[in-house]
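Undergrad: Input: one structure, supplied below.
The values are calculated or read from the model by the stated rules, or taken from the named source; none is laboratory data. Everything numeric in this text was worked out from a predicted model, so none of it was measured. Using ideal geometry, Cβ is built from the backbone for each residue, glycine included, and neighbour counts are taken over all protein chains shown.
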Amino acid sequence: MSFLEVFQYTRQDSVVHRLDPRSKLVMAIVLAMISLLFMNIVPLLILLSVLLPLIGLARSLQRWAKSMSGLSVLIVFIVIFNTLLSTVANPFSYSIALSLRLIALMSSFSLFFLTVHPDELSQALIQMGVKFEFAFAMSMAMRYVPTLGQEAYAIMDAQKARGVELDRGNILKRIRNIVPIIVPLIIVSIRRALSIAESMESRGFGACENRTYLEQLKFTRHDWALVLVSVVSFCFLVYVRFYLALPPWMSWGLPF
């Protein structure tokens, strides 16, 4: 479950952390949409070459690498499954392109979640006109996903201490071994949800419609520049994708 760490905020003093959450949200969405535009290996590698320096600027490259290592099993499965069963002309290149797309997609949102505090996300959504209840739910989800991963690790350690062999056997046996993890995890999640609901009710959640806020987020010129570059780059790449033919050296993968 180490890949869930891409959703865990890391407190750092970096250029990326100091940007407004709204500008980073636009950037993350644009990068994710660009990763979905192409199914060619070279454009996806270029996208990753842009994402990695940005994650490095956020001083979160080590955490990102640890999170991506959690996807290694899924990536190997994608490559083997599509190489053996795909009906496209070049199944291996297709598998590599799919894996790169998954990494780019996860990295795009990883850059956002690693650098945006849940409270900042909630405040940003509220200032964008989103209802407080929805913004609060998004903030709680950001806080809960890393906690869910930590609880899953704790349950796995407890089951291993009881003699459950989670890492042995064939694929079917390993799938069956997930049950001793999923069932306690669901029970713990339900208990935590009930505890949070009781805590919210005791604090009078939703009793006041007109809320006040301690701080207000403000766009700076760096945020406007980031949004402008993101939107212009996306429009340009959409034009390239649908109206221009990729050069041969960029068409390694699938021709679409």
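Undergrad: Looking at (1) over 17 Å from the mean Cα position of the chain (by Cα); (2) of a type in the set (Gly, Ala, Ser); (3) at pLDDT below 80; (4) within 23 Å of TRP64 (Cβ to Cβ), find the lone condition where GLY163 falls short.
TA: Answer for GLY163: the failing condition is (4).
Undergrad: I'd like to check which helices (runs of 4 or more DSSP H) are fully inside the stretch 1-87 and have at least 3 residues that are of a type outside the set (Phe, Trp, Tyr), modelled with pLDDT under 85 and under 26 Å from GLN150 (Cα atoms).
TA: 61-69, 72-85
Undergrad: I'd like the residue in the stretch 90-146 that is out of contact with any strand residue (DSSP E or B) (no Cβ under 9 Å at 6 or more places or on another chain) and not in a helix (DSSP H, G or I) and, out of all such residues, is nearest to LEU19 (Cα to Cα).
TA: Out of the qualifying residues, it is VAL116.
Undergrad: For a quick check of your reading of the model, give me the residue pairs whose first member lies in the stretch 136-155 and is among the acidic types (Asp, Glu), whose second is surrounded by 16 or more Cβ atoms within 10 Å (Cβ to Cβ), with beta-carbon atoms closer than 6 Å and at least 6 apart or on different chains.
TA: Pairs that qualify, where the first residue is among the acidic types (Asp, Glu) and the partner is surrounded by 16 or more Cβ atoms within 10 Å (Cβ to Cβ), are GLU151/VAL188.
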